[in-house]
Amino acid sequence: MPSGAIMAYILAIGFIMARRALMKLNPHLRPPSLPDVMWNAQSAVDLSPHDALTHLPDRTAFETLAVRDDVPGMLRLRALKFLMTDVDTDHPQVYFMNSIRHPLHYHFAQDILGVDLDLAGFTRVTYFTENRKFLAGTILAYDNYSLSDGSPGLYSLEFWPTDPVGADHVASAFHAITAAMPFGAHKLAYHPTGDIQEQRLIRDADALAAQAVRTISTSEIFEGVVYSPLHLGEAIGRLRLMTGDDPRPANASDIVIYEILPNDLPVVAGVISAAPQTPLSHVNLRAQQNDIANAYLRNAATHPMLKDLIGQPVRMLVTPDQLEVTSVSNAAMLAALEARRPRYAQTPARNLRARTIVPLDDLALTDVDAFGAKSTNLAELRRVIDPAFVPDGFAVPFSFYHDFMTANGLYDQLQTMLADPAFKDDAQREDLLKAFRRAIKDAPMLGPMRDQFGAMHAAFPAGTTPRCRSSANNEDLIGFTGAGLYDSYTHHEDEGHIQKSIKQVWASLWNLRAFNEREFYRIDHLAAAMGVLVHPNFDDELVNGVALTRNLYFPRFEGYFVNAQVGEDLVTNPEGDQIAEEIVILQNVDAGSARVYETVYIRRSSLVKEGDTVINYIDLMVLVAQLKKIQDHFQALYHRGTDDSFAMDVEFKFDRNGLLAIKQARPWTG
């Protein structure tokens with residue numbers, strides 16, 4: 001997990017202007033809830049109590065000075081910055097900063113302590129050395145962490161991840177803070193937040209232990225957290241425990257409890273998972289896209305708050321500090337369901353004028369209404385970055401699907417099915433849709449269409465195994481990703497004509513989960529159409545992953561978020577207890593015009609040796625260079641130049657030869 005120091009630092013820039021404006025309005029602003037006696041703390045400087053304290057007697061004092069902070073997988077943690085001066089003497093002084101009023105250590109030192117930064121060695125060149133005068137860090141409150149004795153709460157002592165803090169300085173800060181913050185002394189632990197500090201901890205472990213400094217790793221924090229909010233909000237629905245024995249799929253009126261995360265999240269009212277989630281899981285991306293409250297709760301299926309409410313309508317509130325679940329009436333549940341649905345019916349664009357299969361290099365984003373966003377986005381990728389990083393292939397237009405359905409009377413069959421009263425029953429709906437998909441797969445293909453598909457297949461180099469992927473007209477769009485709704489198929493040599501795999505993709509337009517999601521959003525089913533993207537399949541890849549092209553937590557600053565796993569193992573929703581590598585990549589704001597990045601590993605992959613990474617640094621920087629180009633290009637293309645929330649959700653691989661391949665990019669609007 002990235003440290004609060006990272007997030008506090010990057011969030012700080014945005015708070016500066018607000019802080020200065022607030023101080024102009026009220027120069028005597030002070031935290032409102034601390035007793036007056038606390039403002040008399042002794043200090044080495046003439047310190048205003050509006051700016052910092054040197055002693056925190058209780059949690060109330062901590063909360064008054066702390067700021068709420070977001071870190072991946074943990075929303076709105078309380079973070080308190082501190083600055084230690086005179087660390088090169090026998091009498092260091094710790095200042096707990098009003099972290100709302102003073103979001104940057106640098107400005108606190110300069111404006112409040114009156115330090116001449118260059119003379120004091122506070123510049124980046126001399127600040128991060130053994131012969132330092134200052135220590136700047138953050139204390140993060142993990143209130144939903146369970147200690148080994150079962151008691152709640154952890155305070156982590158953290159530094160900027162590339163600051164190589166030595167054992168003596170860590171110990172000095174640790175003991176100064178335990179003395180000045182006695183209420184949390186027994187819960188304080190040093191948490192190394194970046195590669196440099198992790199390597200130093202290995203080297204300095206004995207020295208820290210000798211100085212009685214408790215330490216904790218990122219993985220231990222994750223293992224000890226009992227509750228984690230992934231997407232804040234309220235949900236009203238029927239609480240359901242989803243198990244492998246339940247034949248009924250989840251629906252839009254359900255608040256689901258998952259013991260194992262699904263690969264594809266249907267439209268639901270809310271999500272509680274007993275398995276920790278990655279921020280880039282399909283579950284969490286869909287939850288953010290659809291504004292679905294989503295949280296991790298250890299032992300959710302048997303949790304005392306939940307077990308007696310399973311099967312009942314409930315209101316769930318995901319807050320930064322806890323999960324709240326209470327009973328509601330059935331009427332309230334139905335009213336909430338209706339309120340979430342769009343008010344009016346929606347008709348997706350379907351241009352049937354394109355009559356031929358088109359090479360990707362001849363396709364543009366303006367063709368999206370005829371070929372689907374997955375195909376046109378991949379074609380755009382081949383323009384914006386080196387095409388060597390993007391698979392080449394072909395796009396099949398919606399008109400092929402439409403002509404096939406019309407020629408075989410399948411639209412008439414579809415309308416009959418939709419009008420059948422039995423179709424309103426969930427179980428019968430699934431059976432009827434399954435039969436309809438079989439009818440699509442068994443229907444004959446028109447001769448000229450079949451010939452075009454044969455010519456497309458023959459155009460690939462000999463020995464190529466094509467991958468046929470969905471590119472529907474209600475998929476990969478801004479505000480509606482349709483992630484996981486439809487199916488893709490690899491066409492193997494022994495399967496005969498490629499029409500078999502094409503028809504399988506077409507049929508997936510009528511998956512139960514896809515139908516139910518379109519129904520919830522009042523999308524006209526008869527206007528739905530399926531295009532197909534065809535490119536070479538990837539076998540035996542070394543790495544697969546997903547990335548977001550923006551800094552999730554402070555989008556005004558360039559940054560990226562990457563999940564990766566070795567081989568073909570699922571990254572978005574791993575099977576069992578596998579953990580993917582999660583990395584925050586931040587542009588170093590002190591590097592001037594040079595684009596230098598700092599990498600912070602939130603989690604390490606469970607499938608590599610300790611100390612190893614899934615993606616080496618050189619390959620990671622190759623990926624980052626492409627992510628920047630993708631963000632800049634598509635933000636302009638989608639006319640979202642001033643939208644700080646806009647990003648692209650990118651799927652990538654490093655193939656069997658270690659070469660980068662970017663296979664998909666779609667808008668993400670979390």
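The values are calculated or read from the model by the stated rules, or taken from the named source; none is laboratory data. A quick note: this is a predicted structure, and the numbers were derived from the prediction, not measured. With ideal geometry, Cβ positions are generated from the backbone for all residues, glycine too; neighbour counts draw on all protein chains shown. SASA here: full protein model, heavy atoms, side chains in, ligands and nucleic acids out. Shrake-Rupley method; radii C 1.70, N 1.55, O 1.52, S 1.80 Å.
Normalised by the empirical 2.2 N^0.38 Å for globular proteins, what value does the Cα Rg of region 297-344 take?
1.35
Classify region 47-102 as rounded, prolate or oblate from the Cα gyration tensor: take a ≥ b ≥ c as the square roots of its eigenvalues, call it rounded if a/c is under 1.5, otherwise prolate when a/b beats b/c and oblate if not.
Cα axes put region 47-102 in the prolate bin.
If we count every other residue with Cβ under 14 angstrom of Met84's Cβ, Lys/Arg +1 and Asp/Glu -1, where does the sum land?
-3
Could you compute Rg(Cα) / (2.2 N^0.38 Å) for region 320-472, with N its residue count?
1.43
Go through Ile100, Ile357 and list them by solvent-accessible area, largest first, probe radius 1.4 Å.
Accessible-area ranking of Ile100, Ile357, largest first: Ile100, Ile357.
Give me the number: length gained by fully extending Gln110 to Ala210, i.e. 0.36 nm times residue separation minus the C-alpha to C-alpha distance, one decimal in nm.
Difference between extended and current length: 32.5 nm.
To the nearest 0.05, how large is the calculated FRET efficiency for Ser151 and Met305 if R₀ is 22 Å and r is the Cβ-Cβ distance?
E(calc), rounded to 0.05, equals 0.70.
State the volume of the convex hull built on the alpha-carbon positions of region 367-452, expressed per residue in Å³ and rounded to an integer.
That works out to 138 Å³ per residue.
Hey, which lysines would be in cross-link range of Lys187, C-alpha to C-alpha under 26 Å, not counting anything within fewer than 8 residues on its own chain?
Hits, sequence-local ones excluded: Lys81.
Could you work out the Kirkwood radius for region 168-229, taking every pair of different alpha carbons, averaging 1/r and inverting it, reported in Å?
12.6
Classify region 423-492 as rounded, prolate or oblate from the Cα gyration tensor: take a ≥ b ≥ c as the square roots of its eigenvalues, call it rounded if a/c is under 1.5, otherwise prolate when a/b beats b/c and oblate if not.
It comes out oblate by the Cα gyration axes.
Please identify every one of the GluC sites (Glu not before Pro) in region 581-665 that sits in a loop by DSSP and has no more than 13 other beta carbons within 10 Å of its own beta carbon.
Those satisfying the criteria are Glu610.
Over all directions, average the projected area of the Cα convex hull of region 623-670 and note it in nm².
3.4
Is the C-alpha gyration tensor of region 422-571 telling us rounded, prolate or oblate? Criteria: a/c under 1.5 is rounded; beyond that, a/b larger than b/c is prolate, otherwise oblate.
Since a/c reaches 1.5 but b/c is at least a/b, the shape of region 422-571 is classed as oblate.
Any idea what diffusion coefficient region 231-342 gets from Stokes-Einstein, in µm²/s, Kirkwood Rh on alpha carbon pairs, 25 °C, 0.890 mPa s?
For the chosen part, D equals 179 µm²/s.
Working from the alpha-carbon coordinates of region 140-253, get Rg over Rh, Rh being the Kirkwood radius.
The Rg/Rh ratio comes out at 1.16.
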